[in-house]
Amino acid sequence: MKKIMLLILTVLLTFTVSACGDGENTSNKNIASNQVNDGVNYKVNKETYNEGSISISYPQISELGDSSKESTVNQILKEEAIKGVNYFNGKENVKVMQINYVIMLKHNDIISVKYTGVGMAKNSSEPINMIYSTNVNIKNGTKIRLKNILSIDKNFLEIFRESSYKSLNPNKDYDWDDRNREAIESTPDGSLIEKLTNSDILDDIESKNPDHVFCYLKNNTITIAIKTEHDLGDVAEFEILTDNIPKKMRINNDIWNIIESD
């Protein structure tokens, strides 16, 4: 763990020296390597919010063909990305924070974005690993939360507890995998249902989503990230194959048709 923390600290210190700006947005619209074009009817461009030692990169779409929808989607993507500072109860409490993103699902009607990085509170001596996400229904300009996709009940908990654990520790130097899975299995049903139901909230996160539960979508999979102990990597991810989720649990067939499309 000490080696990992030293590596994270090195990254943060390097970033702190190079960080600049005061609430600025840096656009990379003219850099082809930052554009994603996978045959859908819009492009994705990388922009970055910089304020002091905070740097958060997030996507913005262009060429959608509907300026109103495009503006709504971009506002959601930007605002939700910057809300990552709520991990520390606001940007005024952040010592340093660096976040980047990966687009997990890009479809004409849905975009799913995973944010990863590290951050440190001003009153802390150690940084934490961070994972959060934003799923947007482009068609109607709304956020998609886990509870909008499926029924979160005891039947779903059985599937969730049997899902595939995605290790943040590829070298397997520690017993993170077993201990994180044990933590999920030992959580009482009622408590786990509440955690999952409150997922995908960044506003007032410590009271509304204190376990930092987020989901992101890919073709044929739904991944759920959940807060864990600092010594176990700060966050654990569990990937569920959509084939394992029966139709009776599913909500909103339009979304499911997209997730399961080739």
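The values are calculated or read from the model by the stated rules, or taken from the named source; none is laboratory data. Bear in mind the structure is a predicted one, so any value in this text is a computation, not a measurement. Cβ coordinates were reconstructed from backbone atoms using ideal geometry, including for glycine residues, and neighbour counts include every protein chain displayed.
Quick check on region 165-188: of everything there that is at pLDDT 80 or above and either of a type in the set (A, V, I, L, M, F, W, C) or surrounded by fewer than 14 Cβ atoms within 10 Å (Cβ to Cβ) (or both), which residue is farthest from Glu229 (Cα to Cα)?
The selected residue is Pro188.
Whether any residue in region 38-45 is of a type in the set (S, T, N, Q) and either under 30 Å from Asn253 (Cα atoms) or modelled with pLDDT under 95 (or both) is what I want to check.
yes
Do we have Ile245 as crowded, with 20+ Cβ neighbours inside 10 Å, in the same structural domain as Ser163 (by TED's automatic domain parsing), over 20 Å from the mean Cα position of the chain (by Cα) and modelled with pLDDT of 90 or more here?
yes
Among the residues of region 97-127, write down those that are more than 18 Å from Val235 (Cβ to Cβ) and in a strand (DSSP E or B).
Result: Ile103, Leu105, Lys106, Ile110, Ile111.
Considering only residues that are under 19 Å from Tyr132 (Cβ atoms) and either assigned by TED's automatic domain parsing to the domain that holds Ile255 or crowded, with 18+ Cβ neighbours inside 10 Å (or both), which ones fall in region 62-80?
Passing the criteria: Val73, Asn74, Ile76, Leu77, Lys78, Glu80.
Between residues in region 66-94 that are of a type in the set (Phe, Trp, Tyr) and residues that are crowded, with 18+ Cβ neighbours inside 10 Å, which pairs lie under 7 Å by C-beta distance while being six or more apart or on different chains?
Taking only residues 6 or more apart or on different chains, the pairs are Tyr87/Gly119; Tyr87/Met130; Tyr87/Ile205; Phe88/Val94; Phe88/Gly119.
Give the residues of region 140-156 that are crowded, with 18+ Cβ neighbours inside 10 Å and out of contact with any strand residue (DSSP E or B) (no Cβ under 9 Å at 6 or more places or on another chain), sorted by residue number.
Within region 140-156, just Ile152 meets the criteria.
Please determine, by comparing only the residues of region 81-138 that are out of contact with any strand residue (DSSP E or B) (no Cβ under 8 Å at 6 or more places or on another chain) and within 20 Å of Glu260 (Cβ to Cβ), which one is surrounded by the most Cβ atoms within 10 Å (Cβ to Cβ).
Once the filter is applied, the top-ranked residue is His107.
Here are the criteria: (1) in a strand (DSSP E or B); (2) free of Cβ contacts under 8 Å to residues at least 24 places away in the same chain; (3) more than 17 Å from the chain's Cα centre (by Cα). Tell me which single one Thr48 does not satisfy.
Thr48 satisfies every listed condition except (3).
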